[in-house]
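Enquirer: One structure, pasted below without further comment.
Values in this text are rule-based calculations from the coordinates and carry no lab data. Just so it is clear, the model here is predicted, and its values are computed rather than measured. Here the Cβ positions follow ideal geometry from the backbone for every residue, glycine too, while neighbour counts run over all protein chains shown.
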Amino acid sequence: MIKKLTKAMEKCQDPKRFQHTLGVEFTSAALAMKYDVPVKTAQIAGLLHDCAKCLPPEKTLSLCEKNHIPVTDVERRNPFLLHGRVGSFLAKTEYQVEDPDILNAISYHTTGRPGMSTLEKIVFIADYIEPSRKQEKIENLPEVRKLAFEDLDKTLLKILSDTLQYLQERGGEIDPMTKKTYEYYVKEVR
Ligand code: DGI
Ligand code: FE
Ligand code: FE
């Protein structure tokens, strides 16, 4: 399964994206060891989390339309926000993934959601801290990497708060789900 999926990702992603994919697989596996999640499950989720990332926006939207995948207004204006949900659809239909926890981890890896499972948190965090993420682009990356192996919820909150701040500064449109996830984990961590 893992070998086949790795080959499939190498084929559909450009080399940089594929390197990121391998980094998320590896980091998800390491976090799974720390937090008692089956390692193979985490590897599969990590490998597939961006399987829809290389589709052009029109293709993403048409796949949603054809397959009755709901699209919000914010998502219609920012179709890249859909690569999680579309990725989860492809994982199920193209790559025969049935585990709902893996499918959710793929669906929510960009915005998170309130009440995430341990696997969902792992993939969300691995996506942000994997080895090929550039330190110059992310403030405090070494600290976030260390924190990830100490406390998942605190790490989640740190990433969400930095992401919201980044979006505010850059004028990026904030998906209500990112905000909801942030508010949920503020309460959870307190
Ligand atoms: O697909 P990746 O680049 O590996 O990572 P990702 O799926 O987590 O996407 C990261 C980008 O998503 C990052 O630039 C921040 C952005 N993002 C997260 N939440 C929101 C968002 N962008 C917008 N516009 N709105 C959000 O709520
Ligand atoms: Fe992504
Ligand atoms: Fe990613």
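Enquirer: Please list the non-local residues whose amide H lies under 5 Å from the amide H of VAL97, H modeled 1.01 Å from N, same-chain partners needing a gap of 5 or more.
Expert: LYS92
Enquirer: In terms of Cα to Cα distance under 20 Å, which lysines are near enough to LYS4, apart from those fewer than 8 places away along the same chain?
Expert: Partners within reach: LYS16, LYS40, LYS53, LYS92.
Enquirer: Length gain on complete extension for the stretch LYS187 to ILE69, per 0.36 nm per residue less the alpha carbon to alpha carbon distance? Show your work: numbers first, answer last.
Expert: Numbers: separation 118, 0.36 × 118 = 42.48 nm, distance 3.05 nm.
Contour length minus the Cα-Cα distance gives 39.4 nm.
Enquirer: Rounded to the nearest 20 Debye, what is the dipole magnitude of the stretch 2-189 about its Cα centre when Lys and Arg each give +1 and Asp and Glu each give -1 at the C-beta?
Expert: 420 debye
Enquirer: With each pseudo-label sitting 7 Å past Cα toward Cβ, what's the SER161-VAL39 distance in nm, one decimal?
Expert: Inter-label distance under the simple model: 3.4 nm.
Enquirer: Given the peptides 26-37, 169-180, arrange them by the average over their residues of other C-beta atoms within 10 Å, most packed first.
Expert: Result, highest mean Cβ count within 10 Å first: 26-37, 169-180.
Enquirer: Right, here's the next one. Over the stretch 2-189, what is the mean sequence separation of C-alpha contacts under 8 Å (at least six apart), divided by residue count, expressed as relative contact order in percent?
Expert: Relative contact order, the stretch 2-189: 21 percent.
Enquirer: Between ALA8, TYR166, TYR182, whose Cα lies farthest towards the positive end of the dipole of the chain when Lys and Arg beta carbons carry +1 and Asp and Glu beta carbons carry -1, centred on the Cα centre?
Expert: ALA8
Enquirer: Using the Karplus curve 6.51 cos²θ - 1.76 cosθ + 1.60 with θ = phi - 60°, what ³J(HN,Hα) values do you get for each residue of the stretch 144-156, in whole Hz, with x for Gly and Pro?
Expert: So the Karplus estimates, Gly and Pro as x, are 5, 4, 5, 4, 4, 8, 10, 7, 5, 5, 5, 5, 4 Hz.
Enquirer: Looking at the stretch 2-189, I'd like the Rg to Rh ratio, where Rg is from alpha-carbon atoms and Rh is Kirkwood's inverse mean 1/r.
Expert: Result for the stretch 2-189 is an Rg/Rh of 0.94.
Enquirer: Cross-link partners among aspartates and glutamates for LYS59, C-alpha distance below 18 Å, same-chain residues fewer than 8 apart left out?
Expert: ASP14, ASP50, ASP73, GLU75, GLU94
Enquirer: Ok, one more. List, in order, the whole-Hz ³J(HN,Hα) value for each residue of the stretch 164-174 obtained from phi through the Karplus relation with A = 6.51, B = -1.76, C = 1.60 and θ = phi - 60°; use x for Gly and Pro.
Expert: For the stretch 164-174, the Karplus-derived couplings read 5, 5, 4, 5, 4, 5, 8, x, x, 6, 8 Hz, x marking Gly and Pro.
Enquirer: May I pose another question? Please compute, for the alpha-carbon atoms of the stretch 30-108, the extent along each of the three principal axes and give them in descending order in Å.
Expert: Per principal axis, max minus min of the Cα coordinates gives 38, 23, 19 Å.
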